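The values are calculated or read from the model by the stated rules, or taken from the named source; none is laboratory data. A quick note: this is a predicted structure, and the numbers were derived from the prediction, not measured. Because the Cβ atoms are built from the backbone with ideal geometry, glycine has one as well, and the counts that use them run over all protein chains shown. Calculation scope for accessible area: heavy atoms of the full protein, side chains included, ligands and nucleic acids excluded. Shrake-Rupley method; radii C 1.70, N 1.55, O 1.52, S 1.80 Å.
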Amino acid sequence: MKRTIATALWLGLSAGLAVSSPLAAGEAGDAVFAERGPWSVEPEGLRWSVHVDGPEAAGFLHVEDGSVTLNEITDPSDKKPALQLTQKTDSRTRKIGPFPISGGDPVLTFFLEQTTRDVAKLTGGSPYYIRNRMKDALFRGGKISQDGSTASFQPFEGDPNAAQMRGFETLTLTFVLAQDPKSPIRELLAQTEGDEPGYVNRMVLQ
């Protein structure tokens, strides 16, 4: 399965659960980054609930009852169909996009970039370093359940800078996948172990 479009989406945005034994290296990433376009979105869109929690820190946004909705729109620049995300938190609403209707997964892109930014804010680390560690884990490693329904990754396992990660060395990214690889990801979860730092970023398809 190709990942080029989904990878480009992630790079473009950044510029602007049980797990069984692992299979072949990279297979988990292939499942997560499967091409899901061209998208078919109902008039009301596809909606994921969002919950984000973690320690108090400047610039870190807790979200108790938020959502991200994927809708089809008409791109005002060329009048062609496109995709747009609507993010709702406890205090604000914003539009993100447009994205190509036949491109990668904008929801996955949003989730990964939000997690990257949260980790950077809560550790004081470089978002470029954090993003590169996450990309390396997602594109080259990970584990996938034997039935292919769950893929997980530990981007900071064995990280040489673990002493400065403030608990994020335990971060696990988990994705619950549909049987059809072209279907939306059902759950996206970033979570650390234990009470410190107690970080959770969870999106669940409604």
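Structure notes:
- Applying the condition of being at pLDDT 95 or above and closer than 14 Å to T150 by Cβ to segment 181-194 and asking which residue is most open to solvent (accessible area, probe 1.4 Å) yields R186.
- Top-ranked residue of segment 155-166 - restricted to ones that are among the hydrophobic types (A, V, I, L, M, F, W, C) and buried (at least 19 other Cβ atoms within 10 Å of the Cβ), ranked as farthest from the chain's Cα centre (by Cα): M165
- Any hit, segment 92-101, residues being more than 30 Å from E193 (Cα to Cα) and not in a strand (DSSP E or B): yes
Conditions (1) modelled with pLDDT of 95 or more; (2) buried (at least 16 other Cβ atoms within 10 Å of the Cβ); (3) touching a helix residue (DSSP H, G or I) at 6+ places or on another chain (Cβ under 7 Å), marked per residue:
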{"site": "F153", "(1), (2), (3)": "yes, yes, yes"}
{"site": "T170", "(1), (2), (3)": "yes, yes, no"}
{"site": "L173", "(1), (2), (3)": "yes, yes, no"}
{"site": "Q179", "(1), (2), (3)": "no, no, no"}
{"site": "L205", "(1), (2), (3)": "yes, yes, no"}
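- Taking the numbered list (1) under 20 Å from A58 (Cβ atoms); (2) open to solvent by 20 Å² or more (accessible area, probe 1.4 Å); (3) not in a loop (DSSP other than H, G, I, E, B) in turn, G125 passes all entries but (3).
- Cross-chain or 6+ apart pairs with Cβ under 6 Å, segment 170-188 first and closer than 12 Å to V204 by Cβ, then open to solvent by 10 Å² or more (accessible area, probe 1.4 Å) and of a type in the set (D, E): V176/E187
- Filtered residue count, segment 1-55, keeping only those that are polar (S, T, N, Q), at pLDDT 80 or above and within 18 Å of D180 (Cβ to Cβ): 0
- Residue selected from segment 167-206 under the condition more than 18 Å from V68 (Cβ to Cβ) and β-branched (V, I, T), by the criterion nearest to the chain's Cα centre (by Cα): T172
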